[in-house]
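Accompanying notes for the structure given below.
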C-alpha cells in the first residue's frame, strides 16, 4: 500500500515538473513571438525613415543643381558644402520618424552618393555626376542605440539591432503638363547619341534651318494634323500673345506632327516671338521635346516624342541669314514627372529606386 502511494506521489511530482517546463517553454515562445513582431515593426519604422531621408536628400541634390544653373552635370563633383546641405536635409526627415520610440539620427557615413542605371536599377558609388543617394537608418550600437526587447530577457536576449536602406534618384523628364511645351521645335534623339553627356561641349545646336548635324532639329505643330506653314505661323503668333496652350506630352506615347523644310515664310513670326520672350541679355530659355530619330534629316509626319531637353536660344539673325541658334543645357525642370531618359534635363521630383 505504501509503495503504491509513493509511486502515485512520484508521478504527480514528475507531471508537475513537466508542466512547469512546458509552461516556461510556452512563455518563452510567447515572448519570442512578441519580440519578433516588435522587431518587424521597428524594421518597418526604420524603412519609413530611410525612404523619407533618401527622398529629401535627392530633392536637395536637385536643388543644388538648380542653383548651379547650366553646368556639365555628369562631370560635376559635389563640394563639402553641397554634401553638408544634403546631409542636413536628409537628417531633418529621418529625425521626424521614430523607430521603437526613438528619433532616428543620421550618421554622415550612412549617406552615400552615386549614379544609377535606369535600365538595371544598379547604383554605383561615385562623387562625380551624382544623381542618386542611398540612406541607411539604424538602431544599433553605432547609431541610435540597440533596442531593448519586451520579453526577450526570459530567454536571455535583452536587446536587438535593426537597420534599413533606401535609395532615391533623379531621372529625365518622362511627362510634362499642358502648357509646359513653349516652343514648336523638337531635337532629334540622334543629336544626343554621340555625346557622353548632353552638356558636353559643344552644346550649340542650330534650330533653324534644320536638316544637318549642325541643325539636328525640326519644327512641329504639336499634335495638330496636318502640319503646314500657315498652322505653324498661327501657333507662333498665339504663343506671342499668350493665347496658345501646348498639350500634355508623355514620352513614348505622344506623337507630334513635324513639318519638313526650313519654313522660311514663318521666320518673321518666329523672330517676333523671340523678341517677346527674350531676356535683357537676348536669351530665351525653352523646353524642347526630343523626337525619335536615328539621323538629322528633316522630320516629316507624326513622330513619337521620347524625352525632353532644355535649350537657351542665344541668337536670331534676320534675312538674309535667317538663323536661330541655341545651347542645350543641363538642369532641373520644376514641372513634370521623372523616370524618363536623360537628355540633359532632370525632373525636380526624385523617386525611390531601391
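Derivation of every value follows stated rules applied to the coordinates shown; laboratory data play no part. From a predicted model like this one, the values you see are computed outputs, not experimental measurements. When we count neighbours, we look across all protein chains shown, and the Cβ atoms used for this are built from the backbone with ideal geometry, even at glycine.
Table for the structure above
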| read-out | value |
| --- | --- |
| Whole-number D in µm² s⁻¹ for the chain, Kirkwood Cα-pair radius fed into Stokes-Einstein, 4 °C, 1.567 mPa s | 54 µm²/s |
| Cα-based Rg of region 242-313 normalised by 2.2 N^0.38 Å, two decimals | 1.24 |
| Packing-based order for 322-331, 48-57, 82-91, using average beta carbon neighbours within 10 Å, highest first | 48-57, 322-331, 82-91 |
| Residue 228/residue 255 FRET efficiency (R0 25 Å; Cβ-Cβ; nearest 0.05) | 0.90 |
| Packing-based ranking, highest mean first, of 138-145, 114-121 given that Cβ atoms within 10 Å are counted | 138-145, 114-121 |
| Region 175-352 - Rg (one decimal) and Dmax (whole number), Cα, Å | 14.9, 52 |
| Sites residue 337 and residue 102, calculated FRET efficiency, Cβ-Cβ separation with R0 25 Å, nearest 0.05 | 0.10 |
| Nearest-ten-degree value, helix 2-68 long axis tilted from longest Cα axis of the chain | 20 degrees |
| Region 65-106 and region 309-354: distance between their alpha carbon centers, rounded to Å | 25 Å |
| The chain, relative contact order [Cα under 8 Å, separation at least 6], % | 20 percent |
| Contact order normalised by residue count of region 199-354, Cα under 8 Å, 6+ apart, percent | 25 percent |
| Shape of region 86-126, Cα gyration tensor, a/c cut at 1.5 | prolate |
| Rounded to 5, the percent of DSSP beta bridges in the chain classed as antiparallel | 90 percent |
